[in-house]
4 protein chains.
Amino acid sequence: MKLQKRLGILTSGGDCPGLNTVIRAVVSHGILTYDWKVLGIPYATKGLLERKTIPLSLHSFDLRGIDPLLNMGGTILGSINKGDTLNQIDELICGYRDLELDALIGIGGDGSLAILNKLQIIGNWQFIAIPKTIDNDVALTDRVVGFDTAVNTIVDSLNRLTFTAASHDRVMIVEVMGRSAGHLALCAGIAGGADVILIPEIPYSIKGICKHLAELRDKWERRFAIIVVAEGAKVADDSSLYKSCQTPNCGMAQYIADEIHHCSNNKLDIRVSVLGHIQRGGIPTALDRLVATAFGKAAVDLIAAGESGKMAAWRDGQVKAVALDDVLSQSPLHVAKNHYLVETASALGIYIGNGR
Amino acid sequence: MKLQKRLGILTSGGDCPGLNTVIRAVVSHGILTYDWKVLGIPYATKGLLERKTIPLSLHSFDLRGIDPLLNMGGTILGSINKGDTLNQIDELICGYRDLELDALIGIGGDGSLAILNKLQIIGNWQFIAIPKTIDNDVALTDRVVGFDTAVNTIVDSLNRLTFTAASHDRVMIVEVMGRSAGHLALCAGIAGGADVILIPEIPYSIKGICKHLAELRDKWERRFAIIVVAEGAKVADDSSLYKSCQTPNCGMAQYIADEIHHCSNNKLDIRVSVLGHIQRGGIPTALDRLVATAFGKAAVDLIAAGESGKMAAWRDGQVKAVALDDVLSQSPLHVAKNHYLVETASALGIYIGNGR
Amino acid sequence: MKLQKRLGILTSGGDCPGLNTVIRAVVSHGILTYDWKVLGIPYATKGLLERKTIPLSLHSFDLRGIDPLLNMGGTILGSINKGDTLNQIDELICGYRDLELDALIGIGGDGSLAILNKLQIIGNWQFIAIPKTIDNDVALTDRVVGFDTAVNTIVDSLNRLTFTAASHDRVMIVEVMGRSAGHLALCAGIAGGADVILIPEIPYSIKGICKHLAELRDKWERRFAIIVVAEGAKVADDSSLYKSCQTPNCGMAQYIADEIHHCSNNKLDIRVSVLGHIQRGGIPTALDRLVATAFGKAAVDLIAAGESGKMAAWRDGQVKAVALDDVLSQSPLHVAKNHYLVETASALGIYIGNGR
Amino acid sequence: MKLQKRLGILTSGGDCPGLNTVIRAVVSHGILTYDWKVLGIPYATKGLLERKTIPLSLHSFDLRGIDPLLNMGGTILGSINKGDTLNQIDELICGYRDLELDALIGIGGDGSLAILNKLQIIGNWQFIAIPKTIDNDVALTDRVVGFDTAVNTIVDSLNRLTFTAASHDRVMIVEVMGRSAGHLALCAGIAGGADVILIPEIPYSIKGICKHLAELRDKWERRFAIIVVAEGAKVADDSSLYKSCQTPNCGMAQYIADEIHHCSNNKLDIRVSVLGHIQRGGIPTALDRLVATAFGKAAVDLIAAGESGKMAAWRDGQVKAVALDDVLSQSPLHVAKNHYLVETASALGIYIGNGR
């Protein structure tokens, strides 16, 4: 007779702030309310393959009574970005069985969740998903774990770069994450006071940027400019004037730098800043902690209610469950061309591609 | 013949981060898109009485091309907390007419907006409201300007106080704003790792707190505790054991300190921290900047569309207009006893009053 | 035969940021370089009385390989603010012997270090001191652990309060720590843009403040003001005009508020903010981490060199050892009336008491 | 008869936090104490060539009474990084005369100050220098404007990167500024918990790094590592094992990444983060504000005392004047191989090149 329900939890895909906060909530609620045994699965699905678990009890990581999981970015369980996971489906399903798991909570972005969804269907697991991604491209939820912190991190960097750009009359091109979805560039660009925002969903033209920069200088006497560009931004086909550097060889920001250097007759002082990995790190913001905690609590309740194949979501100002299949069929979620923030950017006079 | 529409804008009630960001968005969109004249009304309705305006043109506050309105807390227009406004209705309506305003955008909490709503009805103004309040108690909107920054400010303070409480095995009682609504204490308490959260909507008992503190110590070997209490928290009637100090004479936090000192047989080392005015200040977070910008843009569009008596609101992940009358009839918005964050707090083992 | 040197380490007095960073450096250097056994003594001298130690090995607190001691404020060893230490000298010396300590590193302010100095002399201990205090009042060292973080914390609060004071045309009186020494108020006041700085070393007059506030308003059209006052600031004897509230009954800030309210004929809108315990907390700044690390390393080397009765100090841009007796005879270190920062404050037009 | 002394002030070289704070102090003290006319020279010496000045009066940039110069990074006067300045000596000297300057305060790093020193000698100007540089390589002063903020910015980034490195078991190589001096990498590396610190002054070997990483993994079970490398770090000649990429073609961090990837038999998961321009930006820390304010005040007093060819310096815990010639002959100031922070890094088990 197995007395205690065994709940596994894993974090999958690129790390972000708030993962540990989810883990903390799942452990607290699972143990305090339901008296379950909560087992961390290290390194996402790799832990299943290797039959490894990390014991998770209440206050188990406390230092002098302080729970570090609330403040620490990243994931105490470890994660992997990708793997040959689907080549090993049988072995993964055996792993789940060998670990005697009764249910699993998986935290991931749309890629990781798609893999986990396949596994849970084939393995007939009880599985609840929690969305995390700094790209904010998971469908059917207004909030995901990690996005708010990443936006604040970028805004902080934009503040810094604005001071230095203004001091030297420079055009500063700031490359941020976002291969296929531009939420991060869009939100951080508006909040950080960008003059130009380039996202994958709305192609831009070099001529459009150059014209906008000229207008800033000539009409508004602005002598500097901030361009926020998602790494996956797309240039309209015939827009390049001068192709010294080809994306992706040199990166999107450097490509734009070369092009607008040319269209300004080499007069602009242009610098590139690729923010890179710092966007993933950091102490989670209050909102990411709340979202993470509420999702962790909801996921445990969904498990207790016998649900499976659902994702905790934030909709209409509340935490709700949505079908994971529905989420995945609509993910990655792109920025709509008539998104109110796209229209807001235009209303502020920001160049945001050819839509304007 | 009057060529240009004259749009007034005022900020009313206690200041908070994001007000300047609203002003910036209104000025940009009003001028760039609609070519209106935008006039700041200083010190809320007092500016109407005194027929004063502050000229607001694009980039008018720029310093070396940097727009300080994005980063500055508070309000460049000035505000007043309260006034004998409604004794001077006729004069206020004359002021609006003398300033030749065609429309007005008013940013305020539920108190200020109620006054402005009366004025606009009597004066037959074209009026659009934007909700701001660190208390988050305006109905029919999921987000208001200023709340997210205030929550982060309190969480930052809780982090600091946790280190010092843990080092000295102390009970730290932290009093935060919230006279009638506990959203601030609830959100910051969960995000900041509080052990006890006391809000106006759910009466607490001194015995309940003492029992919880004893359990933390005896069962979990925690030697310190963090209590977050809204200034308007309510004690259950017959709960006081030892009444050395009467709220509101000494403040809610000090009252609790005296009581639990007694119930612990004077053994607990207890400290009080009243966070006070720092909760209103600070550079706005990315989310407050986005909400403020989106609301400012939406308010201008509502004016352009001929709407009046509406409030810009964040609902279902979008910016929408709601009838100001409906908002006011349901404000101040209290924390529901079955609010998902109340249930989340309980799930984490936090004492949140007698509901638990 | 005892193979390994046993080094004890304790933290004494009020906590501050950087204590854990000292502990981390002592443990790393003691173990890696000298192969000593390092023992934490919990709760300052109380641990000696109770013969308790906390094992400190390399990476012993690591979470997923991250060393939390670098980022955590407070002290992992616990501390006590005061105790009947000197009534129990014999017992404390027995404790040291029973724990078989070969040497002790004590981190404390001037009060704690004075006690430890007596003990080491009587007990003939090998003892090295490291200065920590947010008050910065330990003599013969340019830097102490914790001060830089505390100054930054106050400056951050002043920034917040300035926004809200300016929005409402208020006089904001901010009370900071500093019973007998005003370094904290002086440094934070200058860095945070205060208009008035009141420190224990330079008596102020209510008339002087009122005159200065009037000048700000009349000559410079400033409609708000920020007053930073150390809790131990001293009013010149016959200065009070209106004594509704007596320090220390209501606190220094409230006293000043009442007085200047009177001298302004009740016209000023005045608010008080007592920063309190948040000044002690927080993640240590880079400088406090460097000072803490360098002091920890130096203390271990001093032990290895057979030194005793010395304090690690920062002098002339270097870490040096000074005689603890010399330090204590000149502590607490007061702000000199002709201190260059006092003169700097005056040069900026800040009212800093009757010296001006 | 010229009634008022005309004091010019300019900022030269790369911008950094605290420049505006210097300007604020010079303006306040020059006007309040000495009743001088203070003139900003835009874009360093370019302003002299173009005979341009920016009027600087008390509170001239105030927004609602708040002085933004205290909080804004960068320089309100503008700057240029370099120029053909010395080809135009005669013209520059004419510019100084045409602007009728009686004295000049120049804020710059060692490169800019060397140029200004030549000009003041030839032009017989009254000239006082203030040192600023995030590289901290100006001799004869313990502190310079901008360094403390830059170190804190890097430490904040290291915290973020540590979370993500630990979550994915990665080696994170972080490239920071420092072409010829390694103070920035050294201080930030120690304060930020780096495992490896590489600076220009101490050549490193790829083998040494690889051996250290293996030891971290094998002996301490650390599965990630943080390498902080100054852009000008130097590899020992015969150390490269695998030269896929040649510095400076791909940058120092990428070079190291390629090399250690090879020496780990391609087993390590290595990422590169080049922090870039964000290191120059940001709101100045309390210490940078104090240093900037104290230097600005001192420079004005030196002008008033008739001094010239001096630099304001922080020595022995005080502000002093040193001869600019002496400063320049000893700048850029390198990290000494036996610098106490180098020894501190070694004591913590950090690999810091072949010196260890």
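The values are calculated or read from the model by the stated rules, or taken from the named source; none is laboratory data. On a predicted model such as this, the values are computed, not experimentally measured, just so you know. Quick reminder, even Gly has a Cβ in these numbers, built from the backbone with ideal geometry, and neighbours come from all protein chains shown.
Data for the structure
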{"item": "Pairs with Cβ under 8 Å, 6+ apart, first in the stretch C:298-315 and farther than 25 Å from C:PHE147 by Cβ, second assigned to a helix (DSSP H, G or I)", "result": "C:SER308/C:GLN120"}
{"item": "Hits in the stretch D:269-312 - residues which are within 16 Å of the chain's Cα centre (by Cα), among the β-branched types (Val, Ile, Thr) and within 14 Å of chain A (Cβ to nearest Cβ)", "result": "D:ILE278, D:ILE283, D:THR285"}
{"item": "In the stretch D:1-20, residue surrounded by the fewest Cβ atoms within 10 Å (Cβ to Cβ) [restricted to those that are in a loop (DSSP other than H, G, I, E, B) and small (Gly, Ala, Ser)]", "result": "D:GLY13"}
{"item": "In the stretch D:317-333, the residues that are in contact (Cβ under 8 Å) with a residue 40 or more places away in the chain and in contact with a Gly (Cβ under 8 Å, 6 or more places away or on another chain)", "result": "D:LEU324, D:ASP325"}
{"item": "Enumeration of residues in the stretch D:250-292 that are assigned to a loop (DSSP other than H, G, I, E, B), at negative phi, buried (at least 24 other Cβ atoms within 10 Å of the Cβ) and not hydrophobic (A, V, I, L, M, F, W, C)", "result": "D:GLY281, D:PRO284, D:THR285"}
{"item": "Test set (1) in contact with a Phe, Trp or Tyr (Cβ under 8 Å, 6 or more places away or on another chain); (2) over 29 Å from D:GLY74 (Cα atoms); (3) not assigned by the TED database to the domain that holds A:ASP316 - A:ALA181 fails condition number", "result": "(1)"}
{"item": "Single match in B:ILE209, B:ILE202 (criterion: among the aliphatic types (A, V, I, L, M), touching a residue at least 60 places away in the same chain (Cβ under 8 Å), in a loop (DSSP other than H, G, I, E, B) and away from chain A (no Cβ under 14 Å))", "result": "B:ILE202"}
{"item": "Test result for A:GLY109, out of contact with any helix residue (DSSP H, G or I) (no Cβ under 9 Å at 6 or more places or on another chain) and within 21 Å of A:ILE283 (Cα to Cα)", "result": "yes"}
{"item": "Which listed residue, of C:ILE134, C:ILE130, is in the same structural domain as C:SER28 (by the TED database), at pLDDT 95 or above, within 24 Å of C:PRO55 (Cβ to Cβ) and under 19 Å from the mean Cα position of the chain (by Cα)", "result": "C:ILE130"}
{"item": "Selection status of B:SER112, part of a helix (DSSP H, G or I), buried (at least 23 other Cβ atoms within 10 Å of the Cβ), in contact (Cβ under 8 Å) with a residue 40 or more places away in the chain and within 14 Å of chain C (Cβ to nearest Cβ)", "result": "yes"}
{"item": "Among residues of the stretch A:293-335, those that are farther than 30 Å from A:ILE197 by Cα and assigned to a strand (DSSP E or B), counted", "result": "9"}
{"item": "Some residue of the stretch A:11-20 being touching a residue at least 24 places away in the same chain (Cβ under 8 Å) and away from chain D (no Cβ under 13 Å)", "result": "no"}
{"item": "Condition broken by B:LYS267, with the remaining ones in (1) modelled with pLDDT of 90 or more; (2) out of contact with any Ser or Thr (no Cβ under 9 Å at 6 or more places or on another chain) satisfied", "result": "(1)"}
{"item": "Residue selected from the stretch A:119-177 under the condition charged (D, E, K, R) and assigned to a helix (DSSP H, G or I), by the criterion farthest from the other protein chains (Cβ to nearest Cβ)", "result": "A:ASP156"}
{"item": "In the stretch C:49-107, residue surrounded by the most Cβ atoms within 10 Å (Cβ to Cβ) [restricted to those that are assigned to a loop (DSSP other than H, G, I, E, B), within 22 Å of the chain's Cα centre (by Cα) and hydroxyl-bearing (Ser, Thr, Tyr)]", "result": "C:THR75"}
{"item": "Qualifying positions in the stretch B:39-68 - closer than 30 Å to B:ALA286 by Cα, touching a Phe, Trp or Tyr at 6+ places or on another chain (Cβ under 7 Å) and either among the polar types (S, T, N, Q) or modelled with pLDDT of 95 or more (or both)", "result": "none"}
{"item": "Scan of the stretch B:217-227 for residues that are surrounded by 20 or more Cβ atoms within 10 Å (Cβ to Cβ), touching a strand residue (DSSP E or B) at 6+ places or on another chain (Cβ under 9 Å) and not in a strand (DSSP E or B), ordered by number", "result": "B:PHE224"}
{"item": "Matching option when the condition is outside the structural domain of D:VAL196 (by the TED database) and closer than 30 Å to D:ASP67 by Cβ, among D:ALA336, D:ALA313", "result": "D:ALA313"}
{"item": "Single condition D:ASP148 does not satisfy, out of (1) surrounded by fewer than 24 Cβ atoms within 10 Å (Cβ to Cβ); (2) at pLDDT 95 or above", "result": "(1)"}
{"item": "Among the residues listed as C:ALA181, C:ALA194, the single one being more than 14 Å from every other protein chain (Cβ to nearest Cβ), in a loop (DSSP other than H, G, I, E, B) and not charged (D, E, K, R)", "result": "C:ALA181"}
{"item": "Search result, residues across the stretch C:21-48 that are assigned to a helix (DSSP H, G or I), surrounded by 24 or more Cβ atoms within 10 Å (Cβ to Cβ) and more than 9 Å from every other protein chain (Cβ to nearest Cβ)", "result": "C:VAL22, C:ILE23, C:VAL26, C:VAL27, C:GLY30, C:THR45, C:LEU48"}
{"item": "Residue in the stretch D:190-197 that is modelled with pLDDT of 95 or more, closer than 18 Å to D:HIS334 by Cα and surrounded by 21 or more Cβ atoms within 10 Å (Cβ to Cβ) present", "result": "yes"}
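Listed here are the residues, each with its yes/no results for (1) closer than 27 Å to A:ALA299 by Cα; (2) over 13 Å from the mean Cα position of the chain (by Cα); (3) in contact (Cβ under 8 Å) with a residue 40 or more places away in the chain.
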residue	(1), (2), (3)
A:ARG143	yes, no, yes
A:THR153	no, no, yes
A:THR162	no, yes, yes
A:ASP218	no, yes, no
A:ILE226	no, yes, yes
